[in-house]
Structures are given as structure tokens and as C-alpha cells.
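Data block below; observations after.
The values are calculated or read from the model by the stated rules, or taken from the named source; none is laboratory data. Quantities reported herein were computed from a predicted structural model and do not represent experimental measurements. Backbone-built Cβ (ideal geometry, glycine too); neighbour counts: all protein chains shown.
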């Protein structure tokens, strides 16, 4: 969709990052509202950006973890349409999660939970690998060549 003929276009890259980040958080919000919103009395940004909510010791924490994993999978599908190149998937996945880390640091301080780090490392790997797989499948498709023969 955004891939152009120009090799390096910084405005294109920024637009792709912004679009991918927005789609990731919209998807995360949908999954959070479905999985976490039914378990808590009030949804807030704490579940998005506070490392303390990412825990495997409570059912709500497992729902938060599941929301992040499902959003990473959805992010791989978004990269298929936004990035369109397998060799760029790791860069965009890492950029998305680094921006998320900065937002988390601003919101709740440095993440000191090992579960948070494992979840986000898994999210980077899952989004990058699945995105690369999907992009490679698209890149390796045969180009259809139709021949029009005149029947005499």
C-alpha cells in the first residue's frame, strides 16, 4: 500500500510507523475491552502501559497477556499491507515495541517485571516472524501472465 519506487523516503517510513502504531493500539484496545473489560469494573490506560498489570498470577493478568499476544499477531497482518517487504518487518516490529517501551516508561516508570519483558520480547519476535512469513508468501507468488490468442 505505502511501498513506493523511492528507495528511502523518510516521510513514508514515518507514516508507516504512525499507521502501524495506531492500528496496534486500536487492536489492543479491542482485545482489552473484550478480554479484560469483562473482568474489571473500569477500564483504564493502566492495563495498556503499566507493567504491574502484566502478570500470570491472576486471570485478569493472563487476559492482558493474551491481548498483547493477539495484538502482535494482528500487527503482523497489518505489516503485510503497510510495510509489504519481509526484510523490513523486524525493523518495524522493534520500532513499535520500543515506542511502546518509551510510553510505558513515561506512564509508569521503568518496567521491572520479568513477565513484561518476556511478553514484549515475544511480541517483537512473533510480529516480526509472522510478518516476514506473510510478506515472503506474498513476494513469492507467481506473477500471472495471460496470453490472448486469437482463434482463427
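A compact table of results
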{"item": "Pairs, first under 15 Å from residue 96 (Cα atoms) in the range 1-22, second modelled with pLDDT of 90 or more and assigned to a loop (DSSP other than H, G, I, E, B), C-beta under 8 Å, six or more apart", "result": "16/83; 20/83"}
{"item": "Which numbered condition residue 121 fails, given (1) over 13 Å from residue 24 (Cα atoms); (2) touching a helix residue (DSSP H, G or I) at 6+ places or on another chain (Cβ under 6 Å); (3) at pLDDT 95 or above", "result": "(2)"}
{"item": "Inter-residue pairs, beta-carbon under 7 Å, first on the phi > 0 side of the Ramachandran plot and surrounded by 14 or more Cβ atoms within 10 Å (Cβ to Cβ) and in the range 127-152, second at pLDDT 75 or above and assigned to a loop (DSSP other than H, G, I, E, B), 6+ apart", "result": "none"}
{"item": "Close pairs from the range 84-109: first on the phi < 0 side of the Ramachandran plot, partner part of a helix (DSSP H, G or I) and loosely packed, with under 15 Cβ neighbours inside 10 Å, Cβ under 7 Å, at least 6 apart", "result": "86/136; 86/139"}
{"item": "The range 100-124, subset surrounded by 15 or more Cβ atoms within 10 Å (Cβ to Cβ) and within 12 Å of the chain's Cα centre (by Cα), residue nearest to residue 45 (Cα to Cα)", "result": "100"}
